[in-house]
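In what follows, a single structure is set out as structure tokens and then discussed.
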Amino acid sequence: MSFIKEFKEFAMRGSVVDLAVGVVIGAAFGKIVTSLVDDIIMPVVGYITGGIDFSDMKYVIDAGDPANEVPETAILYGNFVNVIIQFLIVAFVIFLVIKGINSLKRKEEVVEEAPAGPTQEELLTDIRDLLKKQA
């Protein structure tokens with residue numbers, strides 16, 4: 001029974017639950033970005049570049065033979081371009097989120113300065129005056 005209790009305590013910790021929520025939100029955000037790139041950005045880029053569809057771009061190493069059911073060997077670099085664009089969008093959005101969080105933290109961390117104490121000259125003057133009184 002202690003194993004189950006220990007697992008329950010582990011699973012219900014705040015950090016584990018926060019991590020799970022972050023993973024779910026990240027997966028959903030990834031789908032949104034994929035749709036943004038595939039359905040909105042890449043068609044515009046394809047239109048600007050003269051109708052090029054990056055997702056179908058490839059470098060054929062060995063043209064297959066469909067009659068003998070031999071598949072072609074190709075490097076699909078167009079899909080790689082799409083993935084790079086998706087990564088850049090995700091990285092930019094994460095940068096903006098972190099920047100926003102950091103700006104909020106900076107505002108909270110502003111602490112009023114302590115009242116200025118006596119300067120070094122004032123302290124030395126006080127010491128001198130005390131020494132004169134003792135002499």
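Which of the residues spanning the range 43-72 are surrounded by 12 or more Cβ atoms within 10 Å (Cβ to Cβ) and farther than 30 Å from VAL90 by Cβ?
Scanning the range 43-72 gives GLY64, GLU72.
Looking for something touching a helix residue (DSSP H, G or I) at 6+ places or on another chain (Cβ under 6 Å), open to solvent by 60 Å² or more (accessible area, probe 1.4 Å) and either on the phi > 0 side of the Ramachandran plot or not in a loop (DSSP other than H, G, I, E, B) (or both) - is there at least one such residue anywhere in the range 4-19? Within the range 4-19 (the criterion being touching a helix residue (DSSP H, G or I) at 6+ places or on another chain (Cβ under 6 Å), open to solvent by 60 Å² or more (accessible area, probe 1.4 Å) and either on the phi > 0 side of the Ramachandran plot or not in a loop (DSSP other than H, G, I, E, B) (or both)), the answer is no, since none of the residues qualifies. Annotation: of all residues in the range 22-42 being free of Cβ contacts under 8 Å to residues at least 24 places away in the same chain and open to solvent by less than 70 Å² (accessible area, probe 1.4 Å), the one that is nearest to ASP56 (Cα to Cα) is SER35. Residues considered: GLY78, GLY46, GLY100, GLY50. Of these, the only one that is small (Gly, Ala, Ser) and outside any helix (DSSP H, G or I) is GLY50. Quick check on the range 108-117. Is at least one of its residues hydrophobic (A, V, I, L, M, F, W, C) and assigned to a helix (DSSP H, G or I)? Scanning the range 108-117, I find no residue that is hydrophobic (A, V, I, L, M, F, W, C) and assigned to a helix (DSSP H, G or I), so the answer is no.
For the range 1-38, how many residues are over 30 Å from GLN86 (Cβ atoms) and hydrophobic (A, V, I, L, M, F, W, C)?
To start, the set of residues in the range 1-38 that are over 30 Å from GLN86 (Cβ atoms) comprises 1-14.
Restricting the remaining residues to those that are hydrophobic (A, V, I, L, M, F, W, C) gives 1, 3-4, 7, 10-12.
Selection size over the range 1-38: 7.
Checking the stated criteria, ASN82 turns out not to satisfy the condition of being free of Cβ contacts under 8 Å to residues at least 12 places away in the same chain and not aliphatic (A, V, I, L, M).
When we screen VAL23, VAL37, VAL83, VAL60 for residues that are modelled with pLDDT of 80 or more, farther than 30 Å from GLU6 by Cβ and either assigned to a helix (DSSP H, G or I) or in contact with a Cys (Cβ under 8 Å, 6 or more places away or on another chain) (or both), the only hit is VAL83. Going through (1) under 42 Å from the mean Cα position of the chain (by Cα); (2) in a helix (DSSP H, G or I); (3) not polar (S, T, N, Q) one by one, ASP129 falls short only on (1). Restricting attention to the range 90-123, the residues that are modelled with pLDDT under 80 and either among the charged types (D, E, K, R) or under 30 Å from SER55 (Cα atoms) (or both) total 11.
The values are calculated or read from the model by the stated rules, or taken from the named source; none is laboratory data. Computed from a predicted structure; not experimentally measured. A quick note on method: Cβ atoms are made from the backbone with ideal geometry, for glycine too, and the neighbour counts reach across all protein chains shown. Just the protein is used for accessible areas: all its heavy atoms, side chains included, with ligands, DNA and RNA removed. Shrake-Rupley method; radii C 1.70, N 1.55, O 1.52, S 1.80 Å.
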